[in-house]
């Protein structure tokens, strides 16, 4: 590279630098405005606790996926640890209501809240919701600074966001980034459509606010994805609309009610979309509908694909549980489905989610050999155990198309090509007429749960 060329490149960089930086946001005014409503939270416990921030944990002991911020599950040290700074929060009312994560205050005997002006208050827990990891606490104060709450449904991928919190006890640290994705579903968190960002989050940020550029809270920082134990560019926040729904219920009633549909759902793959006559994969496929659940009472069936719930589009199966959870039990809402390629609207009265959670994600014959498998009638005992009216038991998988479809020994086939399979005769009748130009949906019961697979007939 010649000296002249190097000089030309340097001059170009100098000329472009002001333009590049001129397009970047300035967070100074935003941080100055909102910081007074952000708080540091520390707890005290009479029992031994796991390592918290301010103490460097042994990163080799940390699980690799979606660990929560304060190393829950790590072996507790033999000595008691008190007064450790655990997380962050933010004030939502002038009389002292504060939002944070449930795991920040869980098990605490005493909670200390410190404001930006160094005032300190003891806080009480008003209520918590472990399912969403939201906690509402309160301090005795008046005329306190408060945050503004944004409509998180208006958040868009690529927007700038700012986090303020106390990572490792470093109070009022500010980090910024963009919204990487919306509506993320994490393991065991089906009722939270997480906001994914690349904002640097570490232990101590947990429970703190995520702001948009208007200085409004769009979410609570809650989790990170890591393989190293440290921040790797993937952080997750609970959307503000969900947070405020939970907070309002806790403040009004002391508990949280969550809607229940009574279905088992799965993602619509490309093959499943083709088999059900959809132009593209979309919606939530109903693999099982409890007869006594809200959906079953309204006439929903296995094979129905939910494409809209209460006026909102369902693009993926993970979209549905949070939508259902936000509906107060007792409300009747429209649910748009596709059944056998035709649109249909059901009016479903939502019920209270029972325990344990019942809305989850999924996962021939005379010689009785057909479609690459050996089958036999379903025994009355197994029919009773699985609460089935009928079906055909797969005894052995011997080849395609059953192998390629993912069928296994022990599966119970209850539906093929949209028609119920109650006995071997039903299977015998349908097999000769199965199409070879498209995938065919087959509904099986496996491990007590229903799931759809797709068969491809090669003729």
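The values are calculated or read from the model by the stated rules, or taken from the named source; none is laboratory data. The structure presented is a predicted model; accordingly, all values stated were derived computationally and were not measured. Glycine also receives a Cβ, built like all others from the backbone with ideal geometry; neighbour counts cover every protein chain displayed.
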(request) Quick one: count up the residues across region 127-147 that are out of contact with any helix residue (DSSP H, G or I) (no Cβ under 7 Å at 6 or more places or on another chain) and assigned to a loop (DSSP other than H, G, I, E, B). (result) 7
(request) Scan 443, 416, 424, 453 and give me the residue that is out of contact with any helix residue (DSSP H, G or I) (no Cβ under 7 Å at 6 or more places or on another chain), farther than 19 Å from residue 291 by Cβ and buried (at least 17 other Cβ atoms within 10 Å of the Cβ). (result) 424
(request) Please report, ordered by residue number, the helices (runs of 4 or more DSSP H) entirely within region 238-317 with at least 2 residues that are assigned by TED's automatic domain parsing to the domain that holds residue 218 and surrounded by 24 or more Cβ atoms within 10 Å (Cβ to Cβ). (result) 240-253
(request) Would you mind stating whether residue 104 is crowded, with 21+ Cβ neighbours inside 10 Å, at negative phi and part of a helix (DSSP H, G or I)? (result) yes
(message) For region 381-415, give me the residue count where each residue is assigned to a helix (DSSP H, G or I) and over 18 Å from residue 428 (Cα atoms).
(response) 8
(message) Just to be sure before I move on: is residue 438 outside the structural domain of residue 277 (by TED's automatic domain parsing), outside any strand (DSSP E or B) and touching a helix residue (DSSP H, G or I) at 6+ places or on another chain (Cβ under 7 Å) in the structure I sent?
(response) yes
(request) Looking at (1) within 33 Å of the chain's Cα centre (by Cα); (2) within 24 Å of residue 305 (Cβ to Cβ), find the lone condition where residue 408 falls short. (result) (2)
(request) Select from region 221-235 the residues that are farther than 12 Å from residue 184 by Cβ and not in a loop (DSSP other than H, G, I, E, B) and write down the one among them that is modelled with the highest pLDDT. (result) 221
(request) Might you check whether a residue that is in contact with a strand residue (DSSP E or B) (Cβ under 9 Å, 6 or more places away or on another chain) and farther than 25 Å from residue 257 by Cα occurs anywhere in region 122-132? (result) yes
(message) Among the numbered criteria (1) over 18 Å from residue 273 (Cβ atoms); (2) under 37 Å from the mean Cα position of the chain (by Cα); (3) at pLDDT below 80, which one does residue 426 miss?
(response) (2)
